[in-house]
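S.K.: This structure is in structure tokens; I'll ask about it shortly.
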Amino acid sequence: MTDKIALVTGAGSGIGRAAAHGLLDAGWKVVLAGRRADALVATAAHAPDRALVVPTDIADESQVHDLFAAISVGHKRLDLLFNNAGASAGGRLEDLSLENWKRVVDVNLTGAFLCTRGAFRMMKAQTPMGGRIINNGSISAHVPRPFSVAYTTTKHAITGLTRSTSLDGRAYDIACGQIDIGNAATEMTGAMAKGVPQADGTFASEPLMDVKAVADAVVFMAGLPLDANVQFMTVMATKMPFIGRG
């Protein structure tokens, strides 16, 4: 058991739920944030005595403020933020609406910034000072899939957020790293087994990996002492078309 406190965004499903369960299994107390209260409650059922459910739209500044107020009241400190919540908008670049572009940017980038800012303020002020922030960059932080301009753009931007946070956090013992994930088996990636667009214009099925591999990687990163940091980690299905994509 540990007295350390983690916040996981997008904790109601997929990678967020798996990471939250992994942290709970490792003895962490975990604050679960996401828009769907019922899904968060289902995640919390894994270890309800060590999970705190705080329904939050991370794209809403006032809700993020309330989220960190709840952490401050409930736990007094924060040792880990896993910036995981994300949104996507498929379709051809020329057909993407401004509304859908803004929705993806608001969640993936602005939401990650708002949570990073809240965690940074809390980690800087607490005693002992410091903590760790892990950003979910996705392998789309490196290379795009076809028809993913909004998602890919925000994930490239997350790398900039990671680097800046890592640099600005040095003075306060705040470590920041990024995990870039490829083809973890979740509700959102089910279509990949059936076939998804490839760079050469074809459709092809892609291998998936157990999402537990991602949870294990997050727990490893989270468990490092603050004088050590995984700056960037890529964890992916071994045979997926990433190396050599396109």
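S.K.: Out of the residues in the stretch 140-174 meeting the condition of being buried (at least 20 other Cβ atoms within 10 Å of the Cβ) and aliphatic (A, V, I, L, M), tell me which one is farthest from Leu80 (Cα to Cα).
M.R.: Restricting to residues being buried (at least 20 other Cβ atoms within 10 Å of the Cβ) and aliphatic (A, V, I, L, M), the top hit is Ala150.
S.K.: So, of the residues in the stretch 90-115 that are basic (Lys, Arg) and under 14 Å from Thr154 (Cα atoms), which turns out to be surrounded by the most Cβ atoms within 10 Å (Cβ to Cβ)?
M.R.: Applying the first criterion (basic (Lys, Arg)) to the stretch 90-115 yields 92, 102-103.
Next, only the ones that are under 14 Å from Thr154 (Cα atoms) stay: 102-103.
Numbers: Lys102: 14, Arg103: 16.
Among residues in the stretch 90-115 that are basic (Lys, Arg) and under 14 Å from Thr154 (Cα atoms), the one surrounded by the most Cβ atoms within 10 Å (Cβ to Cβ) is Arg103.
S.K.: Mind counting the residues in the stretch 12-51 that are hydrophobic (A, V, I, L, M, F, W, C) and closer than 21 Å to Ile179 by Cβ?
M.R.: Within the stretch 12-51, the subset hydrophobic (A, V, I, L, M, F, W, C) is 15, 18-20, 23-24, 26, 28, 30-33, 37, 39-42, 44-45, 47, 51.
Keeping just the survivors that are closer than 21 Å to Ile179 by Cβ gives 15, 18-20, 23-24, 26, 28, 30-33.
Within the stretch 12-51, residues that are hydrophobic (A, V, I, L, M, F, W, C) and closer than 21 Å to Ile179 by Cβ number 12.
S.K.: With buried (at least 24 other Cβ atoms within 10 Å of the Cβ), in contact with a Cys (Cβ under 8 Å, 6 or more places away or on another chain), hydrophobic (A, V, I, L, M, F, W, C) and within 24 Å of Thr189 (Cα to Cα) as the only criterion, which of Ile58, Ile15 stands out? Working first, answer last.
M.R.: Values: Ile15 fails: in contact with a Cys (Cβ under 8 Å, 6 or more places away or on another chain).
The match here is Ile58.
S.K.: In the stretch 96-107, which residues are of a type in the set (D, E, K, R) and either modelled with pLDDT under 95 or under 19 Å from Ser138 (Cβ atoms) (or both)?
M.R.: Matches in the stretch 96-107: Arg103, Asp106.
S.K.: Can you name the residue in the stretch 204-218 that is crowded, with 19+ Cβ neighbours inside 10 Å and either touching an Asp or Glu at 6+ places or on another chain (Cβ under 7 Å) or in contact (Cβ under 8 Å) with a residue 60 or more places away in the chain (or both) and, of all such residues, is nearest to Thr186 (Cα to Cα)?
M.R.: Val211
Residue-wise test of (1) over 21 Å from Thr116 (Cβ atoms); (2) aromatic (Phe, Trp, Tyr); (3) part of a helix (DSSP H, G or I).
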{"residue": "Thr154", "(1), (2), (3)": "no, no, yes"}
{"residue": "Asp180", "(1), (2), (3)": "no, no, no"}
{"residue": "Gly190", "(1), (2), (3)": "yes, no, yes"}
{"residue": "Ala199", "(1), (2), (3)": "yes, no, no"}
{"residue": "Val230", "(1), (2), (3)": "no, no, no"}
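S.K.: Right, next: If you go through the stretch 14-33 one residue at a time, do you hit one that is more than 29 Å from Val230 (Cα to Cα) and among the acidic types (Asp, Glu)?
M.R.: Within the stretch 14-33, the subset more than 29 Å from Val230 (Cα to Cα) is none.
No: zero hits.
S.K.: Which of the residues that make up the stretch 117-141 are in a loop (DSSP other than H, G, I, E, B) and either within 16 Å of the chain's Cα centre (by Cα) or free of Cβ contacts under 8 Å to residues at least 60 places away in the same chain (or both)?
M.R.: Filtering the stretch 117-141 down to residues in a loop (DSSP other than H, G, I, E, B) leaves 126-130, 137-138.
Hits for the stretch 117-141 are Gln126, Thr127, Pro128, Met129, Gly137, Ser138.
The values are calculated or read from the model by the stated rules, or taken from the named source; none is laboratory data. Note that the structure is predicted; figures quoted are calculated from it, not measured. Backbone-built Cβ (ideal geometry, glycine too); neighbour counts: all protein chains shown.
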